[in-house]
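So the structure is just underneath, and the comments pick up after that.
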Amino acid sequence: MAIPEFRPAEFLKGLLAPFPHFSFPVVSFVQPAEVSEPSRTLLVHNHHMTVTLEAHHGSPLRVEVLDRVRVGEAYTRRICLFETGRNTPVLYGVVRIHLQFCKPEVRERILAEGEPLGRILIQNGVLTRIDLLGLLKVAATYAPPEWFGPRGGDVFGRLAVIHCDGQPAIELLEMV
């Protein structure tokens, strides 16, 4: 049996489908060498973004949920992560969580929307494997200012899947 080819545009479209009112900017899909620093260091790895960004910024992060949709056990939300005490986002993301793969205490904390996802998974001892699926770029002229405020350069992101205790529980778009 052949493994189907990963199609990043279809993955992104599916992740954004619960938010038909939200117009996502035009993207191009890129290779790691095309991602400028510090974005490459922040995106090209198989670790939780919460940990990576907290280390990079030297500050704990807080989450703000911008929009959410729940259909059965699929809970999708658009979020921004902020350094504690600051109002400039350090990450914009779209996360689809398949709640049936989450322990009850993890599910409760996710739905409470008060903490970054990575922190919840780590604090609850959830065994995770993060698969980086692809990288993308939004040209600076198309990057919405509400994501990061005024920016002089392109915005880069990653598409990934987090396997929780062996199950493909979480699909991600993370932009830094």
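The values are calculated or read from the model by the stated rules, or taken from the named source; none is laboratory data. Source: prediction; values computed, not measured. Positions of Cβ are backbone-derived with ideal geometry, glycine not excepted, and every protein chain shown enters the neighbour counts.
Per-structure values
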{"read-out": "Members of the stretch 72-98 found to be under 20 Å from Cys164 (Cα atoms) and out of contact with any Leu (no Cβ under 8 Å at 6 or more places or on another chain), listed by number", "value": "Gly72, His98"}
{"read-out": "Filter pass, Phe6 being aromatic (Phe, Trp, Tyr), closer than 17 Å to Val94 by Cα and in contact with a Gly (Cβ under 9 Å, 6 or more places away or on another chain)", "value": "no"}
{"read-out": "Long-range neighbours under 7 Å by Cβ, at least six apart or interchain, first residue assigned to a loop (DSSP other than H, G, I, E, B) within the stretch 1-28, second of a type outside the set (Val, Ile, Thr) and modelled with pLDDT under 90", "value": "Pro25/Tyr142; Pro25/Ala143; Pro25/Pro144; Val26/Tyr142"}
{"read-out": "Hey, Ala33 small (Gly, Ala, Ser) and modelled with pLDDT under 95 or not", "value": "no"}
{"read-out": "Within the stretch 54-87, tally of residues that are touching a helix residue (DSSP H, G or I) at 6+ places or on another chain (Cβ under 7 Å), closer than 18 Å to Pro38 by Cα and surrounded by fewer than 20 Cβ atoms within 10 Å (Cβ to Cβ)", "value": "2"}
{"read-out": "Cβ pairs under 9 Å, 6+ apart, first in the stretch 148-176 and more than 30 Å from Gly125 (Cβ to Cβ) and of a type outside the set (Lys, Arg), second at pLDDT 95 or above and exposed (fewer than 14 other Cβ atoms within 10 Å of the Cβ)", "value": "Phe156/Glu34"}
